[in-house]
Every structure is written in C-alpha cells, then in structure tokens.
Amino acid sequence: MEIQLKIEDQILSLEVTRDGNRYRIRVRDREYDVDCVCPEPGVFSLIVDGKVYEALVSRSDLVHTVNLGNHLFSLELSDPRATPLRQRALALGEGPTAIQAQMPGKVVRILVGEGQEVEPEQGLLVLEAMKMQNEIRSPKKGRVAKIAAHAGATVKSGELLLIIE
C-alpha cells in the first residue's frame, strides 16, 4: 500500500507492507523493518531495525502530532486510494449512507455505537481481509443510525455493515 506523508513542507511517498504487527516500510531507496504494538490508544511501541522507540500520537482532523523521544513532529497522512472515497462523500450530501464491505472478511471490532455522532474519516470498524486489518472509515459527518455487523462476523463483499445519517 502506498501512503503519502507530509512533514512540514516535505512530501514523502511510503510503500508499506503489513504482516500482523510487522511492517516493511520503503522510503526512497531505504527499507525499514518495523514491529509495532499499540498498548493503549495514542501510544505505540516500535522496534525499528532492532532499536526500541515509544511514540505518542494525537490526531486533529488529518494532522497527526507525534512525540518520538525528544522530537515533536506534525505530519499529515494520506492514502491515494482514499481520494475517490472523499470525492464520493462530498457528493453524498444529506440522507442515509450505507457502508458496505468492499471485500469479504471478518469484522474484528466495532469502533462506534448506534446513535453516536461521527466525523468524516473517523474509524467505524475494523475488517480483517487477506490477513490484514483494514479500518473502515466514515465517508461523511453524521450519526450512526444502524450497525448491521457484529464483532466476529464473517461478511461478504457488498454486505451492509453500518448506516450513517
């Protein structure tokens, strides 16, 4: 998966391959082996090429603030694949929006509750497909009207997961 990372005025393209908690990250001509565990929200324990790091991450809209040791970074992540979703969300306008599984998989966990207000890009649930966990995000601001899936459920491509009003 390709991810665009903007740190201050510099834009980097990262190629990320995930296998469980292990990531292979390629930046320009350098590759990194990363083992990542999130013991609590906003705290990441990383082993990068044998060195241990703790990263504290907070998010405000699309901007992430990362405290890594004595360094504080402000960065913006974007997934080029998500651009069509954002464009579609702008066209959605008012009314209910059905969130469907884009691929067959297993619902690992539900991140929201019925009646909960959500923001664009907010995580709704985690779907495991092809040994990778994918966070399904809200395409628009709204309220969770219905949760059709439950943790542990196996879903088919196109199956209803949630409805956002």
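The values are calculated or read from the model by the stated rules, or taken from the named source; none is laboratory data. Predicted model, so just to flag it, every value in this text is computed and none were measured. Heads up, the Cβs are rebuilt from the backbone with ideal geometry, glycines too, and the neighbour counts pull from every protein chain shown.
Brief remarks follow.
- Per-region count, region 49-64, residues over 20 Å from LEU5 (Cα atoms) and modelled with pLDDT under 85: 1
- Note on region 139-152: residues that are closer than 27 Å to THR17 by Cα and surrounded by fewer than 14 Cβ atoms within 10 Å (Cβ to Cβ) amount to 2.
- Of all the numbered requirements in (1) in contact with a strand residue (DSSP E or B) (Cβ under 6 Å, 6 or more places away or on another chain); (2) surrounded by fewer than 18 Cβ atoms within 10 Å (Cβ to Cβ); (3) not aromatic (Phe, Trp, Tyr), ILE136 misses one, and that requirement is (2).
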